[in-house]
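See structure below.
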């Protein structure tokens, strides 16, 4: 039976800013924050969000028959956290379907696998931990940056414990062989290889919307028909691409997402399934090894590493970067570590390519490969000087390693000595005081007096509602001598979970625990799971427990704090992504009695103003909003700029005309008699309203219905046009003229900013 392995990559480049030679040594921030935010927001809105929603819908609609794999770089996750958290939420939602496998890749999306094994293994392990913390999955399959692979890299990946790896089905490697089989690494047969079918993959990612393509338009039934017509014994069809292909390379207007949605049903009709990489490497046997003596990738016709290391400039920058790899590995400076990740990113070297490629490459701020090389080397020069300042330049790496080992040993020794001091201090405090003291509790619990079971600082102790105590502690496995759960009746320990049945609890993550208000149930945070345990006591008061419910996933590995409410619902706080979850447990009648004060004033709860929006217009800043939920009467509205009250009105709109360039915070409240609701607040940035600083440039007509003439006594090199939200709508470079005409026909009415050779001028589009 044929199966499709569908994989998407998520990675966004970190844009470097223009960095001059004279800034070396004085300026240590290297990034264009505006470009990074704009780029991430654009790809999130146009591609990631609609594409992920589609994948979620496909997973839910096909009842587990549709499966997909994703690989996300560490730097991409960092940028998504800052600029597009909605994408993170969708990734969690997709993960919750159980139909998505997350793969591992280098944290930086860099080329360390070609240069430094230590750096490569370190950032892969760091990415592995991040995936586990985020999604509760321990990746078993690896995907290198741009599918770079050779025999040596495969051996390293196998040594890290991965069971499978994605690679390119390059013709110069496969020869007469087909990519539709499972292969294995030449250096280690335990590492299975899934090879990309570049034709079927590129049909979607590169050719789908090309009207000149002979197969245009491509429909799902035709595409699945191609797969079904392959020889019967060719079982694995690997379709790998960037997620941004859905929406960026292939616009949403091409119906690319509708095509994707139709694939599972068409595949089902042909008896074709979908599988994750882990399922394939587990269930299928390798047919042969693949010998790859030289690195290959999924880029360009050659499928090699020449796009990144094909010329002298690229190799010089690459070697210079990794000349300080050992020193960076030894240091603990967080800024240097982060800069190291960003500077390793493969796109930095691809901008320097002089190779003619079949696809266009957005080079950002760079005019040429030489410009990219110069800018990168300026930044690298400053970075290396910062690294060298941490350690003497003339110190050898072996000496550095020895020094670091000594420091770490000393730190461990200090921790041990500090623990001994605390222990001695506790013994002193236990001696009876000569002076009268306050009466102590009649019974005291300590691990030494009651068997030594409680040995972990990550613990929770709660009353059992019967005069005793339940104690949980962080345990990877429930053991008789160091258990996950202990009961102390006030005199002795009468229950140890590890002695009863270690399979009931299994583990307790971070010692998180809650006891229901009636004392009959315990909720424990475990590894990406919440276990609900029932408690019963015999005639002597000795407790026993049994597993009632298991809630998966439990919001990640780090389950910190749990609670029951009066209705018996369970709450969990996890620092795996800083999330709060709530679950309702099954009940006989699904009712609960909630205690309340003897006297209670009940009134309608009125919320804040909703859907507050701010927009720049030719008149100023236009505000609109909607009435708060729960309101019955028509209120008055107070409009504030910062803390200043601008107006009180009954309408749900207002225009602030007295604005200049700057950042403004607006708030609106609803007023019902003497009651004023909390503020609903929004902010807006107004830029570039100031007049041009020079009279050498004429821009006319202004206002305009569309065409704009620009004349200057100086040579015009660049023209950029921005809207009032800072988004660029027109970009013209390398003009070398004194007169140029642009038009704004396609732009909406409003105020626009025209930059001529970086000089700011306002223009009004009527």
Considering only the stretch 511-532, state which residues are surrounded by fewer than 20 Cβ atoms within 10 Å (Cβ to Cβ) and farther than 30 Å from residue 99 by Cβ. 517, 518, 519, 520
Starting from residues that are more than 16 Å from residue 485 (Cα to Cα) and loosely packed, with under 14 Cβ neighbours inside 10 Å, keep the ones in the stretch 533-564 and report whichever is modelled with the lowest pLDDT. 552
I need a count of the residues in the stretch 4-30 that are surrounded by fewer than 20 Cβ atoms within 10 Å (Cβ to Cβ) and more than 26 Å from the chain's Cα centre (by Cα). 9
Residue list for the stretch 528-570, restricted to those being under 30 Å from the mean Cα position of the chain (by Cα) and in a strand (DSSP E or B): 529, 530, 531, 550, 551, 559, 560, 561, 562, 563, 570
Go over the candidates 698, 712, 749 one by one and state the one that is at pLDDT 80 or above and crowded, with 18+ Cβ neighbours inside 10 Å. 712
From the option list 51, 69, single residue qualifying as modelled with pLDDT of 95 or more, in a helix (DSSP H, G or I) and farther than 30 Å from residue 389 by Cα is 51
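Within the group 291, 300, which residue is farther than 22 Å from residue 8 by Cβ and touching a residue at least 40 places away in the same chain (Cβ under 8 Å)?
Numbers: 300 fails: farther than 22 Å from residue 8 by Cβ.
The conditions single out 291.
Residue-wise test of (1) closer than 14 Å to residue 383 by Cβ; (2) assigned by TED's automatic domain parsing to the domain that holds residue 119; (3) in contact (Cβ under 8 Å) with a residue 40 or more places away in the chain.
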residue	(1), (2), (3)
317	yes, no, yes
324	yes, no, yes
327	yes, no, yes
337	yes, no, no
342	yes, no, yes
347	no, no, yes
354	no, no, yes
367	no, no, yes
372	no, no, no
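Go through the stretch 327-346 and give me each residue that's modelled with pLDDT of 90 or more and either under 20 Å from residue 116 (Cβ atoms) or in contact with a strand residue (DSSP E or B) (Cβ under 6 Å, 6 or more places away or on another chain) (or both). If you could, list the steps in order and put the result at the bottom.
First, pick out the residues of the stretch 327-346 that are modelled with pLDDT of 90 or more: 335-346.
Passing the criteria: 336, 337, 338, 339, 340, 341, 342, 343, 344, 345, 346.
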Test each condition in (1) buried (at least 16 other Cβ atoms within 10 Å of the Cβ); (2) farther than 30 Å from residue 340 by Cβ for residue 63 and report the one that comes out false. (1)
Kindly indicate whether any position in the stretch 33-43 is part of a loop (DSSP other than H, G, I, E, B), free of Cβ contacts under 8 Å to residues at least 60 places away in the same chain and more than 16 Å from the chain's Cα centre (by Cα). no
Would it be correct to say that residue 73 is buried (at least 23 other Cβ atoms within 10 Å of the Cβ) and farther than 25 Å from residue 140 by Cβ? no
So, in the stretch 1-32, exactly how many residues are outside any loop (DSSP other than H, G, I, E, B) and farther than 30 Å from residue 225 by Cβ? 5
Condition met for residue 136 (closer than 13 Å to residue 73 by Cβ and at pLDDT below 95): no
Check whether at least one residue in the stretch 166-180 is crowded, with 22+ Cβ neighbours inside 10 Å, more than 16 Å from residue 298 (Cβ to Cβ) and out of contact with any helix residue (DSSP H, G or I) (no Cβ under 7 Å at 6 or more places or on another chain), and report yes or no. no
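The values are calculated or read from the model by the stated rules, or taken from the named source; none is laboratory data. Just so it is clear, the model here is predicted, and its values are computed rather than measured. Methodologically, a virtual Cβ is constructed for each residue, glycine included, from the backbone with ideal geometry; neighbour enumeration extends over all protein chains shown.
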